[in-house]
Every structure is written in C-alpha cells, then in structure tokens.
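Undergrad: This is the structure I have questions about; it appears just below.
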Amino acid sequence: MPKRLAVSNRVLSESQVQLFRHDLLSWFDLFQRNLPWRKTRDPYALWISETMLQQTRVAAVIPYFERFLARFPTFQALAEAPESDILAYWAGLGYYYRARNLQKAARLIRSYGAFPDTYADIRALPGIGDYTAAAVASIAFGLLHATVDGNVLRVLTRVLDDAADIASARGRRHVTEQASVLLDRSRPGDFNQAMMELGATVCLPSNPQCLLCPVASLCAARKRGTQHLRPVKTVKTKSIEEHRVVFWIEEAGRLLVWQRPEDSRLMPGFWELPERSELPAIGVGESLGTFRHGITLRNYRFDVRLGMAPADLGVCRWVPMDALSRLPLSTVLKKAKRLVNKGDKAVATLRSSTASS
Ligand code: SF4
C-alpha cells in the first residue's frame, strides 16, 4: 500500500497525490523555462549544469554552461584538459573546489568507461551530494529519487503546511521523505524539475504567486493563509562587513600580482592583486575607486589603491598585462581591472609616464 502524505493533522489522499502530480506536470509541460540543460538527457551535461547551479543563479549559469560544454563536451575531454583551462572557464562562478572536483570525477568516470547509471554510483563520485545525484539519476536515467533543494523545501512545506524546521537535519530529512512519496513514478526527472521550477518562478520566498499556481487547490498553506510562515527556519545568520585594500602596481606594461599556492584552502592556483600582507613595505598611493564583493557570509568593500613596488617583491611577480587573460584570475582581480580600465586618470598618467621613460 502506498505511503500517504501527512499534512499537519490530516493526509493527502492517494487521488489528491495523483492530481498533484498531474497538475504540476501539465503546468511544467506548458510553462517551463527554455534552459539549455533541459534539452538533453546526457548525464554528463546534466551533472555540469547541476554543479554550476549550486550557489549560482540560473541566468548567470547559462553562458558559463554553454561555453564549458563547447570547450569540454564529454567527460573524456574534461578528464584530459589542463586544470588551468578548467579554472579559466569556471572563473566568475566562484567556489572553485567544484571545478576541481569535476575533473577528479571525470577522471574516475573515464576509468569506468561510461557515466555511472545508478544513484549509489553517481553519489559516490567526488563532489556529488544527495541533491545532484538525485537530479542526474532521475533526469538522465528515470530513477525514482526525489531532489530536495531550497525551492522544493519551500514548495513542499507550503503545500503540506508542514512546520518542520528546515534548518535542522531532522526537518530536512522529514521533508525529503515527503518528497519521495509525492514523486511521480512515471516521470521522476520531469517531476523533480517541475517542483524546482514551481519554487523558482511561482512559489517565491516572500511573494508566492498563488493565483498562478497549478497546485493551489491542493495547497494547505494557501487554504490556511500560512504561506508566509512556511518554511520554518530557525537559524538566522548575519553577514559580516569587511573593508580591504588591494594594490594596483603597474610598470612598463606589467602588473604586480601573486598566485595562490596549490594547497590554499581558498581558490588554489588563482592570481590575485597584492594586499599589505603580501607587501608589508609597499608605498601607498591614491585610491582608484572601490567595489563590493560578497563571499558566503562576508561582504567586502575593496579599495583599489595605486602602489609603489618595494625592493623586496616577496611572493609577487611581474606579469605582462596582455598575458593576464590567459591566467585564472580571481574575481577580485577582475573587478579591480575593470575598475582601473574604466579610464582612471591616475593610471592613465602612470601609463603615459612609463611609456615615455
Ligand atoms: S498555492 Fe501558493 S503557497 Fe501554495 S504552492 Fe502554490 S504558490 Fe506556493
């Protein structure tokens, strides 16, 4: 006998579950967004898209996905590519350990000879968690595994008016069990995508579009007016503001930069502008402007300042400006470069004086 879905103190009947699946999938068939990874069932391409979509918005991922797939169309191509190439194609997406894990996993897959086709084998690949494994298993291979991300947690806790605390592992486990019961048996991949699509485009965090919702008639939170109370999430985190100074030191068409070591916890192998920690004896010049940059819970305000190179360059190296585009650059360096190239007078003067000397 099929499990029933608990909706607070009542349950969705089997016929309501069928109706939910039917209405959600019909809506998805008609209104799903046209996204490049929706045109394929290739597990490799789906895996790349799901990895990019972790922590990054859909609109930002699309061009990265297309460029990445054009350059590394198969797991063999990814396995054989130089790491610096992969990082350069990933630069801007952040969380670079994801790109490194992709290559590690691609090399393993190459040793298997084919992309694994069971949930357990996909889940065992480096960098793949429950969510990505379920997405690839269900969409590429039609396996019955429910995907549960932030969107699905929100949709489900509202549809079921479930007060489970999704900040706790227990609460998430509970909602995941509910998602598994609700999963459509004949189209699990489409159903998973439809749940995520509903959360991303209709059942929005602070402004759910209930009048446009295909499952509104079955939604317990809508009936009770509790949409804004779901999901329950008790942990509140506050972002931290931090002010940092990076130095722009340019001389004879070269820029002074340094490379993060390979064993660095943060962005190993990437090139950065120096800060006071790399060049303690630096001569500090005028400010060229500021920009903001956020990393997880930290909000940085970077001040880009002209600097005079000290005698001891420490870990820094001169790199010709026209060679920079071939290196994996940190987002901070890229943002600073854009800011400086906007036509700052101080840099223009510096460039013309070094050109004429
Ligand atoms: S009816 Fe409203 S709250 Fe319920 S699932 Fe649809 S959009 Fe979300």
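The values are calculated or read from the model by the stated rules, or taken from the named source; none is laboratory data. Quick caveat: nothing in here was measured; it's all calculated off a predicted structure. Neighbour counts are summed over all protein chains in view; Cβ atoms, including those assigned to glycine, are modelled from backbone coordinates with ideal geometry.
Undergrad: In the list Cys213, Cys219, Cys203, which residue meets the criterion of being free of Cβ contacts under 8 Å to residues at least 40 places away in the same chain, surrounded by 14 or more Cβ atoms within 10 Å (Cβ to Cβ) and not hydroxyl-bearing (Ser, Thr, Tyr)?
TA: Numbers: Cys219 fails: free of Cβ contacts under 8 Å to residues at least 40 places away in the same chain; Cys203 fails: free of Cβ contacts under 8 Å to residues at least 40 places away in the same chain.
Only one candidate qualifies: Cys213.
Undergrad: Looking at the stretch 41-66, which of its residues are more than 16 Å from the chain's Cα centre (by Cα) and in a helix (DSSP H, G or I)?
TA: Within the stretch 41-66, the subset more than 16 Å from the chain's Cα centre (by Cα) is 41-44.
Pro43, Tyr44, listed by residue number.
Undergrad: For the stretch 230-270, which residues satisfy the criterion of being of a type outside the set (Val, Ile, Thr), in contact with a Lys or Arg (Cβ under 8 Å, 6 or more places away or on another chain) and in a strand (DSSP E or B)?
TA: Result: Glu241, Glu242, His243, Arg244, Phe247, Trp248, Glu250, Leu256, Trp258, Gln259.
Undergrad: When the stretch 211-224 is examined, which residues are found to be within 6 Å of the ligand (Cβ to nearest atom) and either within 21 Å of Leu30 (Cα to Cα) or outside the structural domain of Asp161 (by TED's automatic domain parsing) (or both)? Write out each step before concluding.
TA: Within the stretch 211-224, the first condition is being within 6 Å of the ligand (Cβ to nearest atom), and the residues that meet it are 213, 215-216, 219, 221-222.
Listed by number, the residues that qualify are Cys213, Val215, Ala216, Cys219.
Undergrad: Further question: How about the stretch 151-164: which of its residues are buried (at least 17 other Cβ atoms within 10 Å of the Cβ) and of a type outside the set (Val, Ile, Thr)? Give the steps one after another, and end with the answer.
TA: Pass one, the stretch 151-164, residues buried (at least 17 other Cβ atoms within 10 Å of the Cβ): 151-162, 164.
Residues satisfying the conditions are Asn151, Leu153, Arg154, Leu156, Arg158, Leu160, Asp161, Asp162, Ala164.
Undergrad: Looking at this structure, is Asp130 more than 20 Å from the chain's Cα centre (by Cα), among the charged types (D, E, K, R) and assigned by TED's automatic domain parsing to the domain that holds Cys219? If you could, list the steps in order and put the result at the bottom.
TA: On the way: more than 20 Å from the chain's Cα centre (by Cα): no; among the charged types (D, E, K, R): yes; assigned by TED's automatic domain parsing to the domain that holds Cys219: yes.
When the stated conditions are applied, Asp130 does not pass them.
Undergrad: So is Pro73 touching a helix residue (DSSP H, G or I) at 6+ places or on another chain (Cβ under 9 Å) and modelled with pLDDT of 95 or more or not? Talk me through it step by step, then tell me what you get.
TA: Details: touching a helix residue (DSSP H, G or I) at 6+ places or on another chain (Cβ under 9 Å): yes; modelled with pLDDT of 95 or more: yes.
Here the answer is yes, as Pro73 does meet what is asked.
Undergrad: Return only the number of the condition from (1) closer than 25 Å to Tyr89 by Cα; (2) assigned to a strand (DSSP E or B); (3) at pLDDT 90 or above that Lys334 does not satisfy.
TA: (2)
Undergrad: Considering every residue within the stretch 199-210, establish whether at least one is part of a helix (DSSP H, G or I), more than 27 Å from the chain's Cα centre (by Cα) and near the ligand (Cβ under 8 Å from one of its atoms). Step through it out loud before you land on a result.
TA: The initial filter retains those residues of the stretch 199-210 that are part of a helix (DSSP H, G or I), namely 199-201, 210.
Pick out the ones that are also more than 27 Å from the chain's Cα centre (by Cα) and you get 210.
Okay, now just the ones that are also near the ligand (Cβ under 8 Å from one of its atoms), so 210.
Yes: the stretch 199-210 contains one or more residues that are part of a helix (DSSP H, G or I), more than 27 Å from the chain's Cα centre (by Cα) and near the ligand (Cβ under 8 Å from one of its atoms).
Undergrad: Here's something else I'd like to know. State yes or no: is Tyr89 in contact with a Lys or Arg (Cβ under 7 Å, 6 or more places away or on another chain) and assigned to a helix (DSSP H, G or I)? Reasoning before the result, please.
TA: Values: in contact with a Lys or Arg (Cβ under 7 Å, 6 or more places away or on another chain): yes; assigned to a helix (DSSP H, G or I): yes.
Here the answer is yes, as Tyr89 does meet what is asked.
Undergrad: With the requirement that a residue be more than 15 Å from Gly269 (Cβ to Cβ) and either touching a helix residue (DSSP H, G or I) at 6+ places or on another chain (Cβ under 6 Å) or of a type in the set (A, V, I, L, M) (or both), what does the stretch 94-111 give you? Lay out the reasoning, then the answer.
TA: To start, the set of residues in the stretch 94-111 that are more than 15 Å from Gly269 (Cβ to Cβ) comprises 105-111.
Correct list: Ala105, Ala106, Arg107, Leu108, Ile109, Arg110.
Undergrad: Follow-up question, since we're still on this one. Restricting to the stretch 177-198, count the residues that are more than 14 Å from the ligand (Cβ to nearest atom) and assigned to a helix (DSSP H, G or I). If you could, list the steps in order and put the result at the bottom.
TA: First, the residues of the stretch 177-198 that are more than 14 Å from the ligand (Cβ to nearest atom): 177, 180-181, 183-193.
Applying the additional criterion that residues be assigned to a helix (DSSP H, G or I) yields 177, 180-181, 188-193.
Number of matching residues: 9.
Undergrad: Follow-up question, since we're still on this one. Got at least one residue in the stretch 229-238 being within 23 Å of the chain's Cα centre (by Cα) and either within 10 Å of the ligand (Cβ to nearest atom) or of a type in the set (Val, Ile, Thr) (or both)?
TA: Yes, that holds for at least one residue.
Undergrad: Select, from Glu275, Glu250, the only residue that is surrounded by 12 or more Cβ atoms within 10 Å (Cβ to Cβ), over 28 Å from the mean Cα position of the chain (by Cα) and more than 16 Å from the ligand (Cβ to nearest atom).
TA: Numbers: Glu275 fails: over 28 Å from the mean Cα position of the chain (by Cα).
Every option except Glu250 fails the conditions.
Undergrad: Go through the stretch 57-90 and report how many residues are more than 13 Å from Leu102 (Cα to Cα) and either outside the structural domain of Arg123 (by TED's automatic domain parsing) or in contact with a Phe, Trp or Tyr (Cβ under 8 Å, 6 or more places away or on another chain) (or both).
TA: 4
Undergrad: When you scan the stretch 45-89, how many residues do you find that are over 19 Å from Gly199 (Cβ atoms) and among the polar types (S, T, N, Q)?
TA: First pass over the stretch 45-89, keeping only residues over 19 Å from Gly199 (Cβ atoms): 45, 47-48, 51, 63-89.
Now drop any that are not among the polar types (S, T, N, Q), which leaves 51, 74, 76, 84.
Selection size over the stretch 45-89: 4.
Undergrad: Additional query: Within the stretch 32-72, track down each residue that is of a type outside the set (S, T, N, Q) and touching a residue at least 40 places away in the same chain (Cβ under 8 Å). I'd like the intermediate steps shown before the answer.
TA: Applying the first criterion (of a type outside the set (S, T, N, Q)) to the stretch 32-72 yields 33, 35-39, 41-48, 50, 52-53, 57-72.
Correct list: Arg33, Arg38, Arg41, Asp42, Pro43, Tyr44, Leu46, Trp47, Ile48, Glu50, Met52, Val58.
Undergrad: In addition: Looking at Ala120, Ala146, Ala114, which is the one that is modelled with pLDDT of 95 or more, loosely packed, with under 15 Cβ neighbours inside 10 Å and in a loop (DSSP other than H, G, I, E, B)?
TA: Ala114
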